[in-house]
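This report concerns only the one structure given below.
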Amino acid sequence: MVLSEEDLALINALQIAPRISWSDAATVLGVHATTLAARWDRLELSGAAWTTAHLIGDPKQMCLALVDVDCEMRQRDEVTAALAAIPEVVTVEEAGSNRDLMLTVIAPTLARFTEEVLPRFKEIPGLLKYRTSLCTRLHSSGYVWRLNILDKAKQNALKALAGPVAPMTGAPLPPSHLDLIPFLARDGRAGAAEIARSLGRSPATVQRQLNRVLASGLLSFRCEIAQKLSGYPVSCQWFVNVPAGQHEAAAAELRSLRTVRLSASTTGSTNFVILMWLHSLADVMNAELALQQRIPQIELVESVVILNTAKRVGWMLNPDSTASGAVVVSGTELPALGLQ
């Protein structure tokens, strides 16, 4: 499968404004709304792109952990599947390094992580050992990564239509509102009417609940693309040390690198982690040079090329990086709905 320039432009638009209406998108892109809707349906059905919402993982409000896993070689597939079935394990990646798997875990609290999530790891046959680093600052994440297909004028117009990102209020949401999260995880563009039909509630009630969920800042909305179709098929993660007083400055420098998907301060043997999507393995060295030039006191301790991603922010992926259609979130596995 090869994505056209029009496909990439639409994905780029939804990266900037995931919940924009087709009529507003049509105004910016100069394409009829029904054409955009049909194009998006095709991209979704093929698994080439999808929209989703997930807990934002801000360490100021919840627990974000990065876990390395060692497993029995013959049982790697079974261990991967068991870990991916845990809702709090939002991402599962196979690493080409001295660990077998790398996990991203989001839990409401540190206590929930240590008392409920980690004990499940110990029950998985073939899982030999795990090592945990805790995120202390999340500087940037995948929801800010862009294809940058659109010109600046169109990007700015979409940003204006999307409006500012809601700040996280910290106020708890009632269970009736949390019921909406699995539907938004399955489709980040889901509207009140379709959610209401599934929940057996009135559209007006769900619209009020949806507005409150959107305003809470609890969720991060993003448009994802199958990595192998993005033009950036190689993932590399660096474990580095940055002087304690320079983390914010380092993060600011990293924001100017379009290949960065994640930057975070962490506990553990290193204190900072950086993830990039790159054009090729040759770009790993170019990226390291850029890091050392922009952050002179950075110490590059280890680089890890990711061989395969089984699950990305709740979505189960096929070996070719397209979405399978199955979503595991909030204790509920949402079945594939026609996605290949």
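Read-outs: derived from the displayed coordinates by stated rules, not from any lab. Nothing here was measured: the structure is a model prediction, and the numbers come from that model.
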In nm, what is the difference between 0.36 nm times the number of residues separating Asn156 and Gln297 and their Cα-Cα distance?
-> 47.3 nm
What residues have an amide H closer than 5 Å to that of Leu262, excluding those fewer than 5 places away on the same chain, when H is modeled at 1.01 Å from N in the peptide plane?
-> Leu275
To the nearest 500 deg cm²/dmol, what mean residue ellipticity at 222 nm is calculated for the chain from DSSP H runs of n ≥ 4 alone, each contributing -39,500 (n - 2.57), summed and divided by the residues?
-> -9500 deg cm²/dmol
Please list, in chain and number order, the residues 5+ apart from Asn308 or on another chain whose amide H is under 5 Å from its amide H, with Hs placed from the backbone.
-> Glu94
Could you tell me which of rounded, prolate or oblate describes the stretch 172-215, using a ≥ b ≥ c as the square roots of the eigenvalues of the alpha-carbon gyration tensor, with rounded for a/c under 1.5 and, failing that, prolate when a/b is larger than b/c and oblate otherwise?
-> rounded
Taking 0.36 nm per intervening residue step and subtracting the Cα-Cα distance, what contour gain separates Leu257 from Leu199 on full extension?
-> 16.6 nm
Karplus-derived HN-Hα couplings along the stretch 103-113 (A = 6.51, B = -1.76, C = 1.60, θ = phi - 60°), whole Hz, x at Gly and Pro = 10, 10, 10, 10, 10, x, 9, 4, 4, 4, 5
Any chance you could run the full-extension gain for Asp41 through Thr169? It's 0.36 nm times the residue separation minus the Cα-Cα distance, nm to one decimal.
-> 42.7 nm
